[in-house]
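The values are calculated or read from the model by the stated rules, or taken from the named source; none is laboratory data. All figures in this text were calculated on a predicted structure; none of them were measured in a lab. Virtual Cβ from ideal backbone geometry, glycine too; neighbours counted across all protein chains shown.
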C-alpha cells in the first residue's frame, strides 16, 4: 500500500502551473522587446553566445526539481507486507464514548476530538501490546477488533464520530459487556479495558458490570472527559452553530459524572483519571499497563510503512545540480557540442 504521510503538502503543487504561466508571460514580453531591436536573425548574429533553448531547458529542470521537492515533503511511503510477528504484551480495549455530549467544548477543541487525539497517541506508543476499540452511545459497537496492526487501528480511529452510533445515550454497561466478549478467548495475555466518557450513564448498573468484568480477569480503568460544572452541546443549524435544548427550550448542560466513573474504576480494580487541559491521562494508565505481566502470542500484521522521501529528494538535488552546471548562454569553448542548436 502506498500513501503520503503529509498529504496537505501536496497543495504546493498548485504553484507549478502558476510558475509555468509566469515563465511564458516573461518569455513573450522578452521576445517582443527583442523584435524592437530589429530582425531576429540579425540580432542573433550580433549575439553569437545567445541561446533561446537553454533558459527553457533550465526552467524545465527547475520545475521538475520543485515537483520532486514537494513530493518529498509530502512523505511518500510504502507498507503492505503481511508477515507473522511475535509479540509479548497485554490486550487493551478502549471503550470510547461517542454520544452527542462528547461534542461539548469544555475540553478544547471538544471532548471527542481530544479523546481521539489521545487514543491515537497511545497507539503510536504501543510496541508489543494488542489494541481494540469499541465505540458506544445508546449502544456499543466494535470499531477495531483486537489487533496488533497499529496502522489499521489508527486508520479506523479516524472514522470515529458522534454519527457512527445511531442510538443516542451513554450505555457504559453495553460497552463493558461487549468488551468482555471481544477479548481473545483463553489468551494468557493480561486484559485491560479503558473507558473514556463523561460518565453520564442513566441506564443499568455500570459498576456491577465492571465488577463482573474484573471477575473474568479484566482490569477496568476510566478517564473522565469534561468538567463538573458542565457545558452546552453544540448542534449544527441552518444559521450556524447553536446549542441542544430540551422540550421546554432550555439549553442542555452536560456535566462530567466523576462519581460514577470512580466507582466503575474501583469495581474494576483500576484507576480513575480526570482529563485536563494538558492531557487526557492515558499516559498515566499506559504506565500502569506497562507494569502488568506480559504474555507471548503470534499474529499476522502489516509491517510499518517504509519512508521513500529520500528518493524524491535525491532526484530533486540531481536536477538542481544539472541546472546549476548548464549556463544560460553558449560556452565559446564548448560551442562545437550541439545539444542546443540555437
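Restricting 122, 103, 126, 96 to residues that are in the same structural domain as residue 167 (by TED's automatic domain parsing) and either modelled with pLDDT of 95 or more or on the phi > 0 side of the Ramachandran plot (or both) narrows the list to 96. Quick check on the range 159-189: of everything there that is touching a helix residue (DSSP H, G or I) at 6+ places or on another chain (Cβ under 8 Å) and over 15 Å from residue 223 (Cα atoms), which residue is modelled with the lowest pLDDT? Taking the candidates together, the pick is 168. Figure legend. Inter-residue proximity from the range 149-169: first residues outside the structural domain of residue 99 (by TED's automatic domain parsing), second residues assigned to a helix (DSSP H, G or I) and exposed (fewer than 14 other Cβ atoms within 10 Å of the Cβ), beta-carbon distance below 8 Å, spacing 6+ or different chains. No pairs are indicated.
Would you pick out the residues in the range 125-149 that are over 18 Å from residue 183 (Cβ atoms) and touching a strand residue (DSSP E or B) at 6+ places or on another chain (Cβ under 8 Å)? Correct list: 127, 137. One residue stands out among those in the range 249-263 that are without any contact (Cβ under 8 Å) to a residue 40 or more places away in the chain and within 16 Å of residue 103 (Cα to Cα): the one that is surrounded by the fewest Cβ atoms within 10 Å (Cβ to Cβ), which is 251. Filtering the range 113-128 for residues that are farther than 19 Å from residue 275 by Cβ and crowded, with 20+ Cβ neighbours inside 10 Å leaves an empty set.
I'd like to check which helices (runs of 4 or more DSSP H) are fully inside the range 243-331 and have at least 2 residues that are modelled with pLDDT under 90 and closer than 26 Å to residue 118 by Cα.
The helices (runs of 4 or more DSSP H) meeting that bar are 282-290.
Residue pairs whose Cβ atoms lie under 7 Å apart, separated by 6 or more positions or on different chains, with the first residue in the range 278-306 and exposed (fewer than 14 other Cβ atoms within 10 Å of the Cβ) and the second modelled with pLDDT under 75 and part of a loop (DSSP other than H, G, I, E, B), are 304/79; 306/79.
Consider the range 85-107 and keep the residues that are touching a helix residue (DSSP H, G or I) at 6+ places or on another chain (Cβ under 7 Å) and not in a strand (DSSP E or B). The one that is farthest from residue 226 (Cα to Cα) is 90.
Comparison of 190, 199 shows that the only residue that is assigned by TED's automatic domain parsing to the domain that holds residue 285, surrounded by 22 or more Cβ atoms within 10 Å (Cβ to Cβ), in contact (Cβ under 8 Å) with a residue 24 or more places away in the chain and in contact with a strand residue (DSSP E or B) (Cβ under 8 Å, 6 or more places away or on another chain) is 199. Quick check on the range 121-128. Is at least one of its residues in a loop (DSSP other than H, G, I, E, B), touching a residue at least 60 places away in the same chain (Cβ under 8 Å) and under 21 Å from residue 270 (Cα atoms)? No, every residue in the range 121-128 fails to be in a loop (DSSP other than H, G, I, E, B), touching a residue at least 60 places away in the same chain (Cβ under 8 Å) and under 21 Å from residue 270 (Cα atoms).
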